[in-house]
Amino acid sequence: MRDLRKIYIVGIGPGAKKQMTLRAREVLKRCPVIVGYTVYIDLIREEYPDKVYISTPMRQEIKRCRAAFEEAEKGMDTAVVCSGDAGIYGMAGLMYELSGEYPQVELEVIPGITAASGGAALLGAPLTHDFAVVSLSDLLTPWEKIEKRLIAAVATDFVICIYNPSSKKRAAYLERACSLMMEYKDAETVCGIVRNIGREGESVRILSLRELKETKTDMFTTVFIGNSETRKIGNHMVTPRGYHNE
């Protein structure tokens, strides 16, 4: 039997410590080396001060993954950390794509709470029925393809959860997306935004699609667009599943 080394690809949840699974905490405690995006490393460094940390900035994902494989090949069990869930806009896919170059290294994905479920819990119950998740970041996906996916989701009346709604370079992307969706949806559709889920400065707001179009967001914001049945109940955003229709 081959002597396999191990890399754990760990989802640390949207807010690190308090929304991290027990399994994720167990793995991070065990691994001597932790690799990740600089922002995510900063979320856990204080809790695990005795680790060897390897971090890279955004747009250096391949370099980051190769660094993890190299540490594992040295015989060090290694954790690659991702915010939310490691397989949802995380590093799990890329790690598996590169794994053929490192046959002596075994991979295991440790799931985490993604922003869609973490943000939905703060809003109430916006994702009780079918929903789609779309990222507005065009770093890896052309905007034309993003538009097609939004149109398809809106046309079939999915609730839509939007990741990466805007940034300094993409300040108008959410406004563009809202304008597109308003061609198919009522401007008063119930929507919600959650920022800094599980972190300092956490905030929640329920608003209409028309209001959302004029709202400033950033990369730490998750946006929820209701379907035709989503409504505001008290201070919560709720999408009925249809139990009352039985």
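Throughout, read-outs are computed from the coordinates displayed, never taken from laboratory work. Keep in mind that this is a model prediction, so the values were computed, not measured. Methodologically, a virtual Cβ is constructed for each residue, glycine included, from the backbone with ideal geometry; neighbour enumeration extends over all protein chains shown.
At a glance:
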{"quantity": "For the stretch 131-194, convex hull of alpha carbons as volume per residue, Å³", "calculated": "85 Å³"}
{"quantity": "Using alpha carbons only: equivalent-ellipsoid semi-axes of the stretch 1-85, gyration tensor based, whole Å", "calculated": "20, 15, 11"}
{"quantity": "Descending semi-axes in whole angstrom, ellipsoid equivalent of the stretch 199-246, from the Cα gyration tensor", "calculated": "25, 13, 9"}
{"quantity": "The stretch 109-190 - charge dipole about Cα centre, Lys and Arg +1 at Cβ, Asp and Glu -1, debye rounded to 20", "calculated": "400 debye"}
{"quantity": "Those aspartates and glutamates that a straight Cα-Cα span of less than 18 Å connects to Lys148, excepting residues fewer than 8 apart in one chain", "calculated": "Asp138, Asp157, Glu175, Glu183"}
{"quantity": "Too-long pairs where the Cα-Cα distance tops 21 Å, listed order kept, from Lys17/Lys74; Lys169/Lys216; Lys18/Lys63; Lys169/Lys213; Lys17/Lys213; Lys145/Lys232", "calculated": "Lys17/Lys74; Lys18/Lys63; Lys17/Lys213; Lys145/Lys232"}
{"quantity": "D_trans [Stokes-Einstein, Kirkwood Rh over alpha-carbon pairs] for the stretch 122-246, 25 °C, 0.890 mPa s, µm² s⁻¹", "calculated": "168 µm²/s"}
{"quantity": "Length-normalised contact order for the chain - Cα pairs under 8 Å, 6+ apart - percent", "calculated": "20 percent"}
{"quantity": "Highest to lowest packing among 140-148, 184-192, scored as the average C-beta count within 10 Å", "calculated": "184-192, 140-148"}
{"quantity": "Difference of contour (0.36 nm per residue) and Cα-Cα distance, Ser167 to Glu73", "calculated": "30.2 nm"}
{"quantity": "Net dipole in debye of the chain [+1 Lys, Arg Cβ; -1 Asp, Glu Cβ; about Cα centre; nearest 20]", "calculated": "400 debye"}
{"quantity": "Cα-based reach from Lys6 at 15 Å (exclusive), listing aspartates and glutamates while leaving out same-chain residues under 8 positions away", "calculated": "Glu26, Glu70, Glu71, Glu73, Asp77, Glu101, Glu106, Glu108"}
{"quantity": "Cα Rg over Rh - the stretch 30-132, Kirkwood", "calculated": "1.03"}
{"quantity": "Helix-only [θ]222 nm of the chain, DSSP H runs n ≥ 4, -39500 (n - 2.57) each, per residue, nearest 500", "calculated": "-8500 deg cm²/dmol"}
{"quantity": "Computed over the stretch 72-148: relative contact order in percent, which uses C-alpha pairs under 8 Å that are six or more apart", "calculated": "24 percent"}
{"quantity": "Angle in degrees between helix 61-73 and the longest Cα principal axis of the chain, rounded to the nearest 10", "calculated": "30 degrees"}
{"quantity": "Per-peptide average of other Cβ atoms within 10 Å, ordering 152-165, 193-206 highest first", "calculated": "152-165, 193-206"}
{"quantity": "Ordering of 132-139, 113-120 by packing [mean C-beta count within 10 Å, highest first]", "calculated": "113-120, 132-139"}
{"quantity": "Thr141 paired with Glu108, simple spin-label distance in nm, labels 7 Å along Cα-to-beta-carbon", "calculated": "3.1 nm"}
